[in-house]
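Below you will find the structure I want to go over with you.
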Amino acid sequence: MGSSKKQTAVPVRTKVPSPEEVEKRNTVHINAETVTNVTSTDFPGFYPGEDHSWDIEKFRESVRVVFHQNDPYEAQFSLIGVDASIANAFRRIMIADIPTLAIEDIFMWNNTSVIQDEVLGHRLGLIPFTGGKEGLHNFLKWYKKGETPCDYNTVELELKVKCENNESAPADSKDPKELYHNAHVYAKDIKFVPKGRQAKYFSGENAIRPTNPDILVAKMRPGQEIDLTMHMHKGVGSDHAKFSPVATASYRLMPTITILEPILGRDAEKFQKCFPEGVIGLEKVTKEEAKKKGSGYEGHEGELKAVVLDAMRDTVSRECLRHDEFKDKVKLGRRRDHFIYLVESTGQWESDAIFLESIAHLKEKAKRFEKQVVNMVQ
Amino acid sequence: MGKITKFGDEGEEVTMKETPTSHQPEAQDDVSMADAGEEGEEGDEEYEEGEGTKVRLLPGSTPTAASFEFLDENHTLGNALRYVIMKNPDVEFCAYAIPHPSEAKMNVRIQTYEGTTAVEALRKGLRDIQDLCDVVSDKFLEARKDFTDKKAAASA
């Protein structure tokens, strides 16, 4: 980009590395005891004569996204062609910066159960809730410290349960759930109390409710009761994990398995067992392969050989490198720029929406700072 | 005591672009603390040039070599920004650091070749991140559409 501006100062960068060289640079080597070639080198000036300057058009051509799974609460996809620093930024934003609604204040009117107020409060805070997306994302706003709670920044919940003897329980029963009413308090016992305009956004199937209704909150015995009011606010994961929209948001690098020399017969079967199911397959050596001189298959027609079926399923346990017979026949590695994301939502966002939101968040952040840098006094 | 909540029906000015509750300054209820010590205010002087400015030029800068201090930023922006700035051929050196884990500050050092400035390199870096985000977003939406289309075709 900058090179066209002042041709005199910047050397001409026209050298293009060969595809093999690009592949080599793009692979993190996984050896028996070490990991090598770990840092990215795609910066201007690192390789003399090569052009590695930022070019949005080149980036547009090289970056790829491939989906593997896209369910509301679990998504898996590959982001290919970006640097680890960018991929990591998206992951960190998903965990720590995307807002969700969680229980923040609890007014404990009565708690005679054996579980202490502060422990009960902590347990309640960690319960993930869900509800109408429009209301959650657009209607609800940040709660301002010290402000009076309003319908657009606070959601009120109620938990009022009392444990009593069950008169109609079978005489010989020993199960507390039969003997008593409300012996177990579940997340589903928490009631949403709509206020103001909340009735419009959170009614029917859009009501604020626990994502997993069967979370056990407390246990009680006859005579004990819990009576409390809760206020939910919006918050971010960097403040408290309860606000994180994801159960996991992680990535791993795409594994590579290169078989350098033929692995045949019983060895092939043993080799297959070194990997998780479906990674290595067994195929018969064909006539053509057996005929080819120098292929290593001469005279082995019809025997089984090990082939790589799906390297993505590998866990890179390096088990195969522990056996002397495979040591020099296989090379393990990972693609430096191929990130396999796994995003598991806790219910307030669709999993794929969380990733989109993280992109938007990074952009917004850069935009805000760009404005401030332009105004910066130099 | 009854219910202490008062739910109003108005208040539309608030937007989600403002700071989360946990990042807001403490509420006024500790006024007595502020009154107690006047020296406490001087520390904030450096940031008074602009309301809500979260980035400043650290002292000792020259046009082509400067350090910037970002407030309330961490590795998320730090490493991403370092990467795109290093991709700029006019930049000789770029690095970021978090000087101390208990201070929410992130520093970026930029040294450029003659002909441009460190501030310009930072501005370009921030610009490039935005372009990058647009491309990733487009590609993601495209891939998602392909995936749902394929799934629909398979089940049909």
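In the range B:55-148, how does Rg compare with the Kirkwood Rh, expressed as the Rg/Rh ratio over alpha carbon atoms?
With Rh from the inverse mean 1/r over Cα pairs, Rg/Rh is 1.09.
Please turn the phi angles of the range B:109-116 into ³J(HN,Hα) values with the Karplus equation 6.51 cos²θ - 1.76 cosθ + 1.60 (θ = phi - 60°), one per residue in order, whole Hz, x for glycine and proline.
Values per residue, Gly and Pro as x: 10, 10, 10, 10, 6, 4, x, 9 Hz.
Can you compute 3J(HN,Hα) from phi for each residue in the range A:140-151, using the Karplus curve 6.51 cos²θ - 1.76 cosθ + 1.60 with θ = phi - 60°, rounded to whole Hz and x for Gly and Pro?
Ordered by residue, 3J(HN,Hα) equals 6, 10, 4, 8, 8, 3, x, 7, 6, x, 10, 5 Hz.
Can you order the peptides A:90-96, A:33-39 by their average number of other Cβ atoms within 10 Å per residue, highest first?
Ranked from most to least packed, the peptides come out as A:90-96, A:33-39.
In the protein assembly as shown, which cysteines lack any other cysteine Cβ under 4.7 Å from their own?
By the Cβ distance rule, which asks for a partner under 4.7 Å, the isolated cysteines are A:CYS150, A:CYS163, B:CYS94, B:CYS133.
Go through the range B:101-137 and flag every residue whose accessible area shrinks by 50 Å² or more with all protein chains in place compared to the isolated chain (probe 1.4 Å).
The answer is B:VAL119, B:ARG123, B:LEU126, B:GLN130, B:LEU132, B:CYS133, B:VAL135, B:VAL136.
Can you work out the accessible area per residue across the protein assembly as shown, with the rest of the protein chains kept in place, probe 1.4 Å, in square angstrom?
So the protein assembly as shown comes to 53 Å² accessible per residue, rounded to a whole number.
At a 10 angstrom cut-off on C-beta neighbours, averaged per residue, how do the peptides A:197-209, A:154-166 rank from highest to lowest?
A:154-166, A:197-209
At a 1.4 Å probe, what is the % contribution of carbon and sulfur to the accessible area of the protein assembly as shown?
50 percent
A further question follows. Just how far, in whole angstrom, is the range B:94-156 from the range A:90-117 if you go by their alpha carbon centroids?
One Cα centre to the other: 31 Å.
Please compute the length gained on full extension between A:SER203 and A:THR286, using 0.36 nm multiplied by the number of residues separating them and subtracting their Cα-Cα distance.
Extending this stretch completely gives an extra 23.4 nm.
If you take each beta carbon of peptide B:69-77 and count the beta carbons of other chains within 10 angstrom, what is the mean?
4
Still on this model: For all pairs of alpha-carbon atoms in the range A:100-243, what percent lies in each bin of width 10 Å, listed from the first bin to the last filled one?
For the range A:100-243, the pair-distance distribution reads 11, 38, 30, 15, 5, 1.
Through the Karplus equation 6.51 cos²θ - 1.76 cosθ + 1.60, θ set to phi - 60°, convert the phi angles of the range B:131-145 into ³J(HN,Hα) values in whole Hz; use x for Gly and Pro.
Result, rounded to whole Hz: 4, 4, 4, 4, 5, 4, 4, 4, 4, 5, 5, 4, 5, 5, 5.
What number comes out for the charge environment of B:GLN24, summing +1 per Lys or Arg and -1 per Asp or Glu over other residues with Cβ under 11 Å away?
Value of the local net charge: -2.
In Å², nearest 100, what accessible area do chains A and B bury in total when the solvent probe is 1.4 Å?
Chains A and B together bury roughly 7000 Å² of accessible area.
How much space per residue, in cubic angstrom, does the convex hull of the C-alpha atoms of the range A:261-328 take up?
Spelled out: Cα convex hull of the range A:261-328, divided by residues, is 85 Å³.
Once the piece of chain linking A:VAL12 and A:ASP172 is laid out straight, how much longer is it, given 0.36 nm per residue of separation minus the C-alpha distance between them?
48.6 nm
So how far apart, in nm, are the two label points at A:ARG252 and A:GLU225 if each is 7 Å from Cα heading toward Cβ?
5.2 nm
What is the sum of charges, Lys and Arg at +1 and Asp and Glu at -1, for the other residues whose Cβ falls under 14 Å from the Cβ of A:GLU225?
Once all neighbours under 14 Å are counted, the net charge is -1.
Rg and Dmax of chain A, Cα atoms, in Å?
Computed over the Cα atoms of chain A, radius of gyration and Dmax are 29.3, 97 Å.
So what is the relative contact order of chain A, in percent, for Cα pairs below 8 Å that sit 6 or more residues apart?
24 percent
Across peptide B:79-85, what mean number of C-beta atoms from other chains lies inside 10 Å of a residue's C-beta?
For this peptide, the per-residue mean of nearby foreign Cβ atoms is 6.
What does the net charge come to around A:GLU319 if you take all other residues with beta carbon closer than 11 Å to its beta carbon, with K and R at +1 and D and E at -1?
+3
Now a separate question. Across peptide A:344-353, how many C-beta atoms of other chains are within 10 Å of each residue C-beta, on average?
The per-residue average across the peptide is 1.
The values are calculated or read from the model by the stated rules, or taken from the named source; none is laboratory data. These figures come from a predicted structure and were not determined experimentally. Every residue, glycine among them, receives a Cβ derived from its backbone with ideal geometry; neighbour counts consider all protein chains shown. All accessible areas refer to the heavy atoms of the entire protein, side chains included, with ligands and DNA or RNA removed. Shrake-Rupley method; radii C 1.70, N 1.55, O 1.52, S 1.80 Å.
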